[in-house]
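Participant: Provided herewith is a single structure, encoded as structure tokens, for subsequent inquiry.
The values are calculated or read from the model by the stated rules, or taken from the named source; none is laboratory data. Every value quoted in this text rests on a predicted model; they were computed, and no experiment measured them. All Cβ positions, even for glycine, are placed from backbone atoms using ideal geometry, and neighbour counts span all protein chains on display.
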Amino acid sequence: MSNPPHPLPPEGGRQHGRSDVPEHRGGPAPSQEVLRDLMGLLALPALWAGRDGETILELMTQAVERIVPLTVSCVQVPILPSQLPTRVLRVNGRTLDDAQTLAWEPFVQACNGMAHHTDKSMLQDTPLGPLRVIRLYLGSGSRGGSIWFASRDEGFPSLAHGAVLRAAVSLATTGLHTARLNHEREQASRAKDEFLAMLGHELRNPLAPIVTALQLMRRRSDQPPSREQEIIERQVSHLTRLVDDLMDVTRITRGRVELQPQAVEMQAVLAEAFESVSPLIEQRRHQLALEAPQTPARVMGDPARLRQVFVNLLTNAAKYTDAGGQIGVRLTCSSHAVEVAIQDNGIGIEPKLLPLVFNLFEQGTTTIERSRGGLGIGLAIVRNLVDLHHGSVTVRSDGTGCGSTFTVRLPLHEDVAPPLPADSPVIEAARSGRRLRLMLVDDNADAVQLMHDALVAHGFEVVTAPDPVEALKLSAGFDPDVAILDIGLPVMDGYELAHKLRQVSGVSDKPRLIALTGYGQPKDRARATAAGFQTHFVKPVHTAALVAAIEALCPPRQPPAPTGARRRELP
């Protein structure tokens, strides 16, 4: 009958290392138990992934204690550069708590003064009596931390035991290095997200008054826009898309995008995408053709994100197709899926680049003048958004000069109700004549002035305030129906201002609140909702979208004022 397997030591208990580790080449053969423990020690790196430094040290010392006859092991390591060194003290197989380690403090201090010897021990006094102690470094030099192993054995450490200890410390050093790198990556990623959020906010602040000024110029002029105005509009739209892409790529790659799915007709999504890219198509004199069935092709998805997918693909086709080229869009339906193929006769894609086109920041061969433009993130956003819709996107090209075809495949949903159209009776009723009082709070003087003029032109009575203090003074006498607030304000932020405005009004849901800000991360939207904002806009916002949101928030009150209404100044 074979012997039963060797039992594991009880939790927190001690199992001395065994003396049957071979001392030299000609010594006794190692037992199966020893081989098992040695293999377990060598397999430790497989456990390092996702572990913090303290856990790595615990696993290492426990593995060593199964092989080497240790009485004490003490680790003192600066696991993270910004933290004090971590200390782990184990005695007779148990980890001591902070109170128990006080009695061992003289021993630890004596160990700190020891020299580094890989095969020679020194006798040190301990609460358990004199022990033989060996010191090893985790990494190169003392700055990486030290570990001390102590034993009652006269011959500690033997040749074999010394080899085991050095191997274990080497493995733990590698694990600690990996844990530090993971921490640094997380810190760098967090710092990058914070930087991009601030960058987006700072870029959107000057974009907002520029966009509003262009909209006012169009509204006030009976003449077609000048060539110079069209150029400014195109470049501002391009810059806005770049800022949006920078924000999106961070959210998408970190899995922070929240879809708002509904039944969507793909024909409508494509029509809106065509409208968005039409200035670029017209500028480059492309021929754009659409082939689609008359029967509505519906999918379950977020209409804004799906529109973004096809805007990015059409923009990509337009950029990489020479002036006067052809772009074709074909929409087809099968029993289970909707396919949209966007084909161009542009510069094509080299075979070696086909597997890489959806990678972040991949742009292929780029000339020094960067005539095609872009950041190399549009297609990465496309792939991630399509994945979130449980679809797929593929690309095909016969090589340089042969054009390319991008195909998006999405699950078909036939038995769902169509989405409520934007011009539904509910929305139209909200647009009936009334005179609403609006308060606009923003510390950007240009932005607040232009937005004031744009809203007055739509028939609203508008007052402005450059900061929360003035806004609170103004609110008591003006009694606004809607407050449009920037979030990054001096003295107090927009969230706190929203709370105080409703305290002034004495009504829990008045004024209605709209956030108009450069902060557009999901956490910013969530915080705005928690603060009572009904709507959250990211700068720059189209005036028509803001007007629609205002009118949808408030019931009819009275006929609109003339568009030439005078601006009401601060008291």
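Participant: Would you call VAL169 of a type in the set (Val, Ile, Thr), surrounded by 17 or more Cβ atoms within 10 Å (Cβ to Cβ) and over 30 Å from PRO522 (Cβ atoms)?
Facilitator: Yes: the conditions hold for VAL169.
Participant: Return the residues of the stretch 519-546 that are in contact with a Phe, Trp or Tyr (Cβ under 8 Å, 6 or more places away or on another chain), modelled with pLDDT of 85 or more and closer than 20 Å to ARG204 by Cα; say none if nothing qualifies.
Facilitator: Listed by number, the residues that qualify are ARG527, ALA528, LEU546.
Participant: Next up: Within the stretch 547-560, how many residues are modelled with pLDDT under 80 and crowded, with 16+ Cβ neighbours inside 10 Å?
Facilitator: 2
Participant: May I ask you to list pairs of residues, at least six apart or on different chains, whose Cβ atoms are under 6 Å apart, with the first in the stretch 527-542 being basic (Lys, Arg) and the second being part of a helix (DSSP H, G or I) and buried (at least 20 other Cβ atoms within 10 Å of the Cβ)?
Facilitator: Cβ pairs passing all conditions: LYS539/ARG204; LYS539/ALA208.
Participant: Can you pull out every residue in the stretch 261-295 that is in a helix (DSSP H, G or I) and farther than 19 Å from ARG409 by Cβ?
Facilitator: Matches in the stretch 261-295: ALA271, GLU272, PHE274, GLU275, SER276, VAL277, SER278, PRO279, LEU280, ILE281, GLU282, GLN283.
Participant: Sticking with this structure for a sec: Just the residues that are modelled with pLDDT of 85 or more and small (Gly, Ala, Ser), please, taken from the stretch 340-366.
Facilitator: Matches in the stretch 340-366: ALA341, GLY346, GLY348.
Participant: Next question, about the same structure. I'd like to check which strands (runs of 3 or more DSSP E) are fully inside the stretch 297-349 and have at least 1 residues that are closer than 14 Å to SER278 by Cα.
Facilitator: 326-333
Participant: Hey, among THR101, THR118, which residue is β-branched (Val, Ile, Thr), closer than 20 Å to LEU171 by Cα and modelled with pLDDT under 90?
Facilitator: THR118
Participant: Could you give every pair whose Cβ atoms fall below 6 Å, whose first residue belongs to the stretch 172-194 and is touching a residue at least 40 places away in the same chain (Cβ under 8 Å) and over 23 Å from GLY139 (Cα atoms), and whose second residue is surrounded by 15 or more Cβ atoms within 10 Å (Cβ to Cβ) and of a type outside the set (Phe, Trp, Tyr), counting only separations of at least 6 or pairs across chains?
Facilitator: That search, which allows pairs on different chains as well, returns ASP193/THR250.
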